[in-house]
Amino acid sequence: MSAPSIPFYLLKSKIYISHQGTDIDTNYDFKAPFFVTVNHDSGGFPQNGFLDSVSASASGEKSLSDGEWVEVEHHLLMEDSVFWIVFHWCEDSPLSPLVGVDSQPNANNSFWGQRRFFHFEWHPNSHDLMLEAQIATNPDAPPEVDSFRVYGSTNPDGLIDPSNLIASVTETEFQFTDSEVVEDITYFYQITSFNSHGESEGSNLVQATPKREAVLDADREEFFVHTTAGQPIFDNLTLTNSGGMSLRFRMQINMEEANWMGGSDPFGYTWTDNNLQPESEFAWIDIEERRIQIGESDDNENYGFVDLGFSFPFYGNTFDSVKIASDGWLSFSNIIPCYTDTFFCWANKCLPYLWGPYSLLTPFWDDLTLIDSSAIYFYSNSDSAIVSFLNLHHWGQVDQGPYTFQTILTPDGEITFQYLHIQDSLYSATVGIQNRDGTIGLQVFCDEYHLQDSLAIKIRSSWVRVDSMEGYIEPADSQTLALTFDPLTYPQGIYHADLLIDCWDKNHQLETKVIPMTFCIDTTTSVEGADVGRPEKIVLLQNYPNPFNPVTVIQFTVMGGERKAADGGLSTADVSLNIYNILGQKVRTLKDEPKRAGNYVVIWDGKDDKGKEVASGIYFYRLKVGTYQKTKKMVLLK
């Protein structure tokens with residue numbers, strides 16, 4: 001057998017839904033909606049799928065007592081010789097339905113959920129509902145065909161007619177491209193085979209409506225935002241699909257690294273500790289006199305939910321209660337897939353972890369136990385919620401411990417892990433957070449020597465928030481996203497990040513759009529030192545004079561280029577020097593051209609790009625050389 005190197009058309013698949021099982025699983029609803037996707041193969045596992053999922057459900061006809069086959073139509077033109085047909089319960093379907101199995105207890109048919117782009121997939125532990133399909137041909141039995149005839153028309157009736165013959169191809173050709181089509185008009189096709197004995201009957205009828213691929217346009221190329229006195233700034237980003245097919249997008253936030261930052265994740269969360277950033281000082285909060293006791297002398301237990309006393313933002317959602325586990329973690333979710341016959345939540349894993357608890361905070365995730373001197377306490381008010389774990393030990397290893405640590409949550413979304421007493425130099429534990437389905441996580445460390453007495457780890461949400469990180473835009477339509485630039489507890493300075501927008505249509509993965517963002521948090525009259533930790537590829541000096549009226553001098557140095565000059569000589573880099581007002585609006589472009597390494601002097605005469613004199617006030621000048629950038633502030637006084 002050999003796989004064909006030609007496209008083929010996947011018409012439909014069938015799914016068998018059992019009608020049995022309601023007696024032993026009260027959640028089971030065989031009429032619950034589901035959907036099916038067709039996925040590419042990646043090393044024997046399903047990879048990204050074709051974007052259009054097909055929804056369906058069983059009818060539940062009483063005459064079909066045991067179950068029924070549900071036919072799912074795909075109509076996909078594919079080139080993969082190996083692919084996957086994947087079954088998914090919808091997010092609002094029962095948590096643990098029985099799928100074609102009715103003789104086992106519910107615990108053996110539990111499902112875990114994973115968000116994939118724009119839907120939620122329920123996957124079973126013990127039943128693999130992903131079917132691998134392979135298309136193959138037999139080279140030993142070629143068809144006895146002299147040629148193929150292709151018929152096409154905008155009218156499906158009587159398609160096999162000489163007037164609709166659009167091509168005749170040889171017996172060795174297995175594809176034909178119809179280039180005489182018009183966008184948004186539906187065409188119908190059939191083929192026949194032809195040899196000396198005549199022409200065969202027509203094949204199955206297929207149809208296609210040509211569409212231009214989706215095109216993502218954004219009304220902003222960059223954001224430059226300035227705030228004083230800790231005030232949040234609000235702005236908008238409008239995305240438009242100027243193409244011909246429906247477009248889907250998903251965003252990530254790529255935070256620029258800084259010397260105080262231990263790491264970040266694609267949602268924009270960052271972490272630091274009092275070693276990297278001394279102002280994140282350790283300050284243990286004793287809640288024993290005013291607390292609620294959660295656990296005592298327990299093992300592998302989780303408690304709650306307990307009321308936080310406020311709404312806590314976490315990975316784009318808000319929560320007012322939390323679950324607390326004796327194994328050193330907290331969760332805002334009721335979906336805990338690791339509690340099954342195979343996986344347990346005491347076995348810490350590195351983050352993100354699909355089988356771990358969802359909406360997870362892990363100050364100290366490991367197989368911990370509470371003995372006589374141990375306790376878990378909880379306290380909350382309108383300003384904070386505190387969970388303290390006192391004198392916990394490793395299960396079965398009493399000599400490892402005790403460990404005393406706490407988690408502090410505040411309404412602005414800040415998370416603090418504090419460690420009062422760590423008895424030994426532990427290397428078996430996970431510290432970090434992950435989102436509602438285990439696909440994004442911020443790992444502080446996993447099974448490393450890091451914890452110590454008087455350590456404070458601070459996790460901050462991103463200083464930029466987008467009201468919707470994913471979406472769907474029809475052709476010729478737009479979607480406006482609300483952006484919030486919030487200083488939160490970030491120190492004053494200038495911060496950089498990239499907003500990455502990944503987008504797809506049904507047939508194409510489009511180029512990722514990158515929108516640079518700069519956020520100036522300025523609570524005094526100076527922003528010096530904001531670029532500490534930035535790779536020194538460029539030098540930007542303070543303008544002189546400053547304040548000035550009406551002319552000032554800006555000097556900068558380019559230390560190295562990123563590409564060779566056209567003449568093969570010294571390397572050059574793309575250099576831009578722009579002036580912005582306090583609202584982040586670009587006022588003047590002073591330089592925007594390739595430059596070789598060297599020292600440069602630029603004069604600004606206090607005018608905008610239209611030659612009009614600007615008003616007195618604070619202005620910012622930003623130098624970008626390739627992927628590196630620096631920003632400084634100046635004052636125009638008239």
Least to most buried among 225, 539, by other C-beta atoms within 10 Å and fewest first, runs 539, 225
Checking the table 513/630; 458/586; 595/633 against a 29 Å threshold on Cα-Cα, which pairs fail? 458/586
Rounded, prolate or oblate: pick one for the range 292-460, where a ≥ b ≥ c are the square roots of the eigenvalues of its C-alpha gyration tensor, a/c under 1.5 means rounded, and failing that, prolate if a/b is larger than b/c, else oblate. rounded
Gain in length, residue 555 to residue 607, computed as 0.36 nm per residue apart minus the alpha-carbon separation, to one decimal in nm? 16.9 nm
By Cβ neighbour count within 10 Å, fewest first, 504, 346 rank 346, 504
How would you rank 248-260, 608-620, 464-476, highest first, on the average number of other Cβ atoms within 10 Å across their residues? 248-260, 464-476, 608-620
What order do you get for 603, 386, 17, 433 when you list them from fewest to most C-beta neighbours inside 10 Å? 603, 386, 17, 433
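Read-outs throughout are calculated quantities, based only on the coordinates presented, and are distinct from any laboratory measurement. Values in this document were obtained by computation on a predicted structure and should not be read as measured data. Note that we place each Cβ from the backbone using ideal geometry, even for glycine, and neighbour counts take in every protein chain shown.
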